[in-house]
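Okay, structure first, notes after.
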Amino acid sequence: MKTVEELLQCPYWIVDILPSQVPEDSPGQYFAVEEYFLQGERIEEIKQKHTALILKLNCYRDIAISDEAVINPSPKHIADEMKKRYLYIMTGESMILSEPDDTHLTVFNPDPRLLELIRQIASGEGLFVW
């Protein structure tokens with residue numbers, strides 16, 4: 001089983017509200033839009049989508065929170081923890097980083113089947129994987 005530190009060095013994918021990474025030279029106003037989405041109810045709605053993705057994923061895969069011994073903690077516990085702290089969610093040899101104050105999740109070292117499952121769930125939640 002890989003450690004958090006090892007997984008942080010692995011290839012990763014982003015689950016985001018945007019369909020692709022915004023180029024540095026984009027003429028749009030990315031930072032103003034991001035700030036808009038980080039406020040009040042908007043970030044809460046995004047976090048609900050992130051939580052739904054993780055909980056739906058847990059229907060298919062065992063998950064654990066990296067600093068806890070419990071495999072498949074209760075859905076309420078997962079949701080509560082995702083709202084209040086950085087969370088390393090482990091599933092097999094992969095890891096998902098959830099940050100309470102960000103609009104994306106980061107998926108490290110996903111195998112092809114896990115990545116496809118995450119893509120399908122994310123799509124249903126109105127999120128994009130890139």
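Annotations
- Summary value for segment 1-111: 36 percent relative contact order, contacts being C-alpha pairs under 8 angstrom separated by 6+ residues.
- Here the average projected area of the convex hull drawn through the C-alpha atoms of segment 47-97 stands at 3.1 nm².
- Length-normalised contact order of segment 82-130 in % [C-alpha pairs under 8 Å, at least 6 apart]: 23
- Pairs of lysines in the chain (C-alpha under 17 Å apart; 8 or more residues apart or interchain): 10
- Between segment 68-85 and segment 9-36, the C-alpha centres lie 27 angstrom from each other.
- Sequence ranges 59-68, 42-51, 17-26, ranked by mean other-Cβ count within 10 angstrom, highest first: 42-51, 59-68, 17-26
- In order along segment 68-77, the Karplus-derived 3J(HN,Hα) couplings, from 6.51 cos²θ - 1.76 cosθ + 1.60 at θ = phi - 60°, round to 10, 8, 7, 8, 6, x, 4, x, 4, 5 Hz, and Gly and Pro are given as x.
- In Å, descending, principal axis extents of the Cα set of segment 1-78: 46, 31, 21
- Rounded to whole Hz, the Karplus (6.51, -1.76, 1.60) HN-Hα couplings of segment 31-45, x for glycine and proline: 5, 5, 5, 4, 4, 4, 6, 7, 9, x, 5, 5, 5, 4, 5
- Cα pair distances in the chain, grouped into 10 Å bins until the bin that holds the longest one, percent each: 12, 45, 33, 9, 1
None of the figures in this text is laboratory data; all of them are computed from the coordinates on show. Note that this is a predicted model, so its numbers are computed, not measured. Here the Cβ is made from the backbone with ideal geometry for all residues, glycine too, and neighbour counts use every protein chain on show.
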